[in-house]
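Notes follow once the structure below has been shown.
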Amino acid sequence: MRRGAITRQSVLNTLAEYDELGRDAFLAKYGYSKARTYVLVYEGREYDAKAIAGVAHKWDYERALQPSEFSGGKAHAVAWLERLGFQVSSRALDFSELEFTHFLVQLLDKTGYRNVSQDVLLGPGARADIIAESEDAVLVIEVKRVSPQTNLRIEDVVNQMKHYSGLARSTQYGARRQRLVLAAPGILANKGAEPLTNSGIEIWDGPWIAHKSVAAGLRDEASKFLAPEYFEDAPQSEALALIDKLTQMPAGRATWSAYQRLCRDIAEYLFCPPLKSPVWESLDDAEMNRRDFILPNYADAGFWKFTRDKYFADYVVADAKNYTRGIEKQEIIQVANYLSKHGTGLFALIMTRIEPQESAVHAIKSQWVQHDKMIVALTDADIVQMLTDRSFGIDPSEVIRQKIEDFRLGV
């Protein structure tokens, strides 16, 4: 069966059927979950984007696509709809950390843990989000609404959990065996997971919580906090394919062009929409500064709207550096020369293989303090995290947001 060749009329027919049946009946009929990330906006109404794209196939072919038949997941569905001129918007899951904590308490109660307590005072200024007991251990659980995805934030979690562990030993829990747990509705790639697990901290992430919730009969309750992808068997193949290409591609001059093309493909998968498809190797008017690619930014909400307002980023400059070493000061200066308030804007991404050298870090600070230019370096580890996020329906710009916050709070 051919896929991806839906027509605008088939989408309009599907929207009419959706309106006639109503959302719940339409999704139940075709086996789709409610959209938590992408919605098609048409004549002031919102529709579940992936379901609309899948069901539209029945008007052109023999049957509707099932959710599992989307090789590129929601990103694929969004691309189809946008090519036909439809508006697709992304939206974040809307809940508080306290609500998520309440749900975890409910889940623990349902799965056999005892004496589950919330907001437990362990010492001056130190409160554990949840304390629970199993057959042979005391669980000290730290709850995060957003997964920590930068080195600094992960290190903070490790130090906090170790501190809480020491305090718990001086309370009624005494010398009982402890299990330290970080619970968050997101997902951590190896970069984030390894420091935690190496420190003896368990990770209860989105897929883990989804699995436990289904087993406990709490899928409906969990769906408020978790993207539908968490309830599927595996992340979408497009993200895994890009991760494989990135991790298997050697750094160095021999693969320079291939790395640039891969970075362009990754950026399009991660950020489009809400950004528009990359413009390849754009020259400025003086034909001196060649940028690897630029992503037009017309976002009217979320992180990318913030970059437009704060950094005049109507265009996001992206540069790919396939160095075997960390980038240095001269690479930062080169990218900074591309940026201007009345040109592309004052925001750029550098996609590079490993962490920048100290000279580059100082140059990034200098460009911000002296010229208001925000340059963010994304290593392979950062990009793998972003691809992992995207494959599970999480906004990949969260990594960039956390890196900017860590940077500015450290200036």
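The values are calculated or read from the model by the stated rules, or taken from the named source; none is laboratory data. Keep in mind that what you see is a predicted model, and the values were worked out from it rather than measured. FYI the Cβ positions are ideal-geometry reconstructions off the backbone, even for glycines, and counts take in every protein chain you see.
Among all positions in region 184-200, there is no residue which is in a strand (DSSP E or B) and among the acidic types (Asp, Glu). Against the test of being under 17 Å from Ser397 (Cα atoms) and of a type outside the set (A, V, I, L, M, F, W, C), the options Asn159, Asn151, Asn190 yield a single qualifying residue, Asn151. When each of Asp265, Asp205, Asp244 is tested for being outside the structural domain of Asp109 (by TED's automatic domain parsing), in contact with a helix residue (DSSP H, G or I) (Cβ under 9 Å, 6 or more places away or on another chain) and not aliphatic (A, V, I, L, M), the lone residue that passes is Asp265.
Within region 355-381, the set of residues being of a type in the set (D, E, K, R) and surrounded by 17 or more Cβ atoms within 10 Å (Cβ to Cβ) comprises Lys373, Asp380. Among the residues of region 340-358, is there at least one that is over 26 Å from the mean Cα position of the chain (by Cα) and assigned to a helix (DSSP H, G or I)? Yes, region 340-358 has at least one match.
When region 315-333 is filtered for residues that are in contact with a strand residue (DSSP E or B) (Cβ under 9 Å, 6 or more places away or on another chain) and either in contact (Cβ under 8 Å) with a residue 40 or more places away in the chain or buried (at least 21 other Cβ atoms within 10 Å of the Cβ) (or both), the ones remaining, listed by number, are Tyr315, Val316, Val317, Ala318, Asp319, Ala320, Lys321, Asn322, Tyr323, Ile327, Glu331, Ile332. How many of the residues in region 334-354 are over 23 Å from Leu246 (Cβ atoms), crowded, with 21+ Cβ neighbours inside 10 Å and of a type outside the set (A, V, I, L, M, F, W, C)? Residues flagged as over 23 Å from Leu246 (Cβ atoms), crowded, with 21+ Cβ neighbours inside 10 Å and of a type outside the set (A, V, I, L, M, F, W, C) within region 334-354 amount to 3. If the condition is being polar (S, T, N, Q) and crowded, with 24+ Cβ neighbours inside 10 Å, then region 389-407 contributes only Ser391.
For region 173-183, what are the residues that are out of contact with any helix residue (DSSP H, G or I) (no Cβ under 7 Å at 6 or more places or on another chain) and either over 22 Å from Thr101 (Cα atoms) or outside any loop (DSSP other than H, G, I, E, B) (or both)? Selection gives Gly174, Arg176, Arg177, Arg179, Val181.
In region 394-411, of all residues being part of a helix (DSSP H, G or I) and of a type in the set (D, E, K, R), the one that is farthest from the chain's Cα centre (by Cα) corresponds to Arg408. Only residues that are over 29 Å from Thr247 (Cα atoms) and outside any helix (DSSP H, G or I) were counted in region 359-387, giving 2. Scanning region 135-172 for residues being assigned to a loop (DSSP other than H, G, I, E, B), in contact (Cβ under 8 Å) with a residue 40 or more places away in the chain and over 22 Å from Thr388 (Cα atoms) gives a total of 4. Of Leu188, Leu218, Leu139, Leu182, all but one fail to be at pLDDT 90 or above and either closer than 27 Å to Leu378 by Cα or among the aromatic types (Phe, Trp, Tyr) (or both); the exception is Leu182.
Just wondering, is there one or more residues in region 94-103 that are of a type in the set (Ser, Thr, Tyr), more than 16 Å from Asp205 (Cα to Cα), in contact with an Asp or Glu (Cβ under 7 Å, 6 or more places away or on another chain) and outside the structural domain of Glu46 (by TED's automatic domain parsing)? No, that holds for no residue.
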